Amino acid sequence: MGIILEKTPIILNKIPGGTIALTTADFFINWARKSSIWPLTFGLACCAIEMMAAYATRFDFDRFGVFPRPTPRQADLMLVAGTVVKKMASPLIRIYRQMPEPKFVIAMGSCADCGGPFYDSYSVVKGVDKIMPVDVYLAGCPPRPEALMYAVQKLQEKIGKMEIKENSGATAGQESGARREL
Ligand code: SF4
C-alpha cells in the first residue's frame, strides 16, 4: 500500500474515524489498465520463440500483470511477433477487430516492423502498420525477451497518459487512418 501511495497523485484527508483518499478517474483507470495488460499472442515466426521465453520462469512476464490470452475478446494488446505474410493479413485484421476498445498493438521484431529480411519478398507485408495502427515498434531480429519487456513498459507509459474522453475516438480514428496497402 505504501508503494502505491508514494507514486499516486493522491490527496489524503483525515476525517473523523479514518482517512479519505482522492485521485483523478483518469489516473485510477489508467493505473488499472496498464497494470493488467492481457496480450493476444500472435506468434507468426521465429520472434514468437522469444515472446514465449518472456512468459517462462527466467523472465516471468506475469510480474507485470501481463497474461497471454488465447481469445481476442479477452485481450487488449495484440503482440504481433514474426513475419506477416499477405495471406495472414486478412485473419490478423479480423481478429484485431474482435478485440474490445481500447486496444493496443506491439510490432515485435524487424519483420513486423517493416518486413525485415524479407522486405523484398512478394508475399510479405512490409510492416504490420500497413494494416493496423501500431503503438510500439520493437526492433531486432529477433528482439530478446528483455526488449519485449521494455516495449511493454513503453506501452504502459503511453497508457498512463490516456484520458477517458479520448479513449473511444483515438483508436477508432487510428484504425480508419491506418493504411491498408498490401
Ligand atoms: S525479425 Fe528475425 S527473428 Fe523475428 S520473425 Fe523476422 S526473421 Fe524471424
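The values are calculated or read from the model by the stated rules, or taken from the named source; none is laboratory data. Model, not experiment: these values are computed from the prediction. Here the Cβ positions follow ideal geometry from the backbone for every residue, glycine too, while neighbour counts run over all protein chains shown. Accessible surface is based on the protein model in full, side chains and every heavy atom, while ligands, DNA and RNA are left aside. Shrake-Rupley method; radii C 1.70, N 1.55, O 1.52, S 1.80 Å.
Listing for the model above:
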| read-out | value |
| --- | --- |
| Check on P102, farther than 23 Å from W31 by Cβ and more than 14 Å from the ligand (Cβ to nearest atom) | no |
| Among residues of the range 22-51, those that are within 13 Å of the ligand (Cβ to nearest atom) and under 25 Å from E101 (Cα atoms), counted | 5 |
| Residues that are open to solvent by 10 Å² or more (accessible area, probe 1.4 Å) and within 12 Å of the ligand (Cβ to nearest atom), drawn from the range 142-156 | P142, R144, A147 |
| Enumeration of residues in the range 27-47 that are surrounded by 17 or more Cβ atoms within 10 Å (Cβ to Cβ) and over 15 Å from the mean Cα position of the chain (by Cα) | L44, A45, C47 |
| Residue selected from the range 54-72 under the condition aliphatic (A, V, I, L, M) and buried (at least 17 other Cβ atoms within 10 Å of the Cβ), by the criterion farthest from the ligand (Cβ to nearest atom) | V66 |
| Residue in the range 73-94 that is surrounded by fewer than 18 Cβ atoms within 10 Å (Cβ to Cβ), under 25 Å from I29 (Cα atoms) and more than 16 Å from the ligand (Cβ to nearest atom) present | yes |
| Scan of the range 114-141 for residues that are in a helix (DSSP H, G or I) and surrounded by 21 or more Cβ atoms within 10 Å (Cβ to Cβ), ordered by number | G116, V128 |
